[in-house]
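Here is the structure we will look at, set down as structure tokens.
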Amino acid sequence: MEYLVRMRVDLPSDLDPDFVATLLEQEREYSHHWQRTGKWTGLWRIVGEWANYSVFDVEDNDELHQILSGLPLFPYLEISVTPLAAHPSWLGDSEPEARG
């Protein structure tokens, strides 16, 4: 199943800068792991915000929740999830039924 996920970071201004630096490095390593596995298939920055749109291709809601809740930044994220379904008019690189 594919999901479009919007994540917006909201770090408290009083967090220790060294803690933030460590947290951001852990976040980068964690996201790279899931990208390498093929579960995190897209990542785009939202211009003008500390936010992103990501696409995940996972087995189900539970797997997505497990991945998202494992994000080191999870306590500081505002997350919205949109399940995606293939569109019959899509002329992309695969047939709609093959996409999910």
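Some notes on this structure:
- Carbon and sulfur %, accessible surface of the chain computed with the full protein complex present, 1.4 Å: 52
- Cβ-derived FRET efficiency at R0 22 Å, ALA51 paired with ARG28, nearest 0.05: 0.85
- Relative contact order (percent, whole number), the stretch 2-90, Cα cutoff 8 Å, 6+ residue spacing: 50
- Solvent-accessible area of ASP14 with every protein chain in place, 1.4 Å probe, in Å² to the nearest 10: 130
- The stretch 3-100: proportion of alpha-carbon pairs further apart than 18 angstrom, %: 52
- Here the sum of -39500 (n - 2.57) over DSSP H runs of 4 or more residues, divided by the residues of the chain, equals -10500 deg cm²/dmol at 222 nm, to the nearest 500.
- Ligands, DNA and RNA are left out, and with a 1.4 angstrom probe the accessible area of the chain is 69 Å² per residue.
The values are calculated or read from the model by the stated rules, or taken from the named source; none is laboratory data. Remember, it's a predicted structure, so these values are computed and weren't measured experimentally. Don't worry about glycine lacking a Cβ; one is built from the backbone with ideal geometry, like all the others, and counts go over all protein chains shown. Quick note on the areas: whole protein, heavy atoms, side chains included, nothing else; ligands and nucleic acids left out. Shrake-Rupley method; radii C 1.70, N 1.55, O 1.52, S 1.80 Å.
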